[in-house]
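Report on the following structure.
The values are calculated or read from the model by the stated rules, or taken from the named source; none is laboratory data. These numbers come from a predicted model, not from an experiment. Here the Cβ positions follow ideal geometry from the backbone for every residue, glycine too, while neighbour counts run over all protein chains shown.
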Amino acid sequence: MPLITYDFKIPAATPKTAPKRDQIRVPAGILRRIWILIPPGHRALAHMVIKHGETQIIPHEGVIHGDSELLVVDEYYEFKTEDVITLEGWNDDPYYYHTFYLRFLILPPLLAAPELELTKGLRVMLEAMGVL
């Protein structure tokens with residue numbers, strides 16, 4: 001099970017119109033979970049999104065920003081072959097760089113499939129009961 005770690009450092013005064021972009025190679029498989037550590041001092045001045053090609057995959061809408069928090073994002077995004085994702089970020093802080101610390105869990109499809117089927121079954125059951 002590949003666990004990819006990456007430190008995404010965004011220089012001070014990086015504008016949204018000219019964001020920093022870093023690319024990460026990912027293996028074929030299912031992107032199942034992402035941990036994003038936003039250390040103290042960010043003060044929500046640094047912003048980040050994760051893209052696959054031109055499609056923003058994390059977050060689905062908006063941007064990631066914050067201060068002194070750990071975000072855990074459960075996802076189910078499939079890479080059919082080895083591929084590249086792009087981290088894109090900007091920093092409104094005129095004085096200091098800011099770093100997002102990331103971990104990506106990418107599962108082989110055979111390991112992720114049972115969980116997906118169980119989730120689909122639960123959703124159908126809850127919809128039938130009128131809960132969803």
Q: Considering only residues that are assigned to a strand (DSSP E or B) and polar (S, T, N, Q), look in segment 1-45 and name the one that is surrounded by the most Cβ atoms within 10 Å (Cβ to Cβ).
A: 14
Q) Which one is nearest to residue 65 (Cα to Cα), of the residues in segment 1-26 that are within 16 Å of the chain's Cα centre (by Cα) and modelled with pLDDT under 95? A) 3
Q. If we keep just the residues of segment 64-88 that are polar (S, T, N, Q) and under 20 Å from residue 9 (Cα atoms), which is nearest to the chain's Cα centre (by Cα)?
A. 86
(Q) Quick check on segment 46-63: of everything there that is in a strand (DSSP E or B), more than 9 Å from the chain's Cα centre (by Cα) and free of Cβ contacts under 8 Å to residues at least 40 places away in the same chain, which residue is surrounded by the fewest Cβ atoms within 10 Å (Cβ to Cβ)? (A) 55
Q. Do any residues in segment 65-88 that are over 13 Å from residue 100 (Cα atoms) have Cβ atoms under 6 Å from those of residues that are surrounded by 13 or more Cβ atoms within 10 Å (Cβ to Cβ) and of a type in the set (Lys, Arg), where the two are at least six apart or on different chains, and which pairs are they?
A. 74/33; 86/51
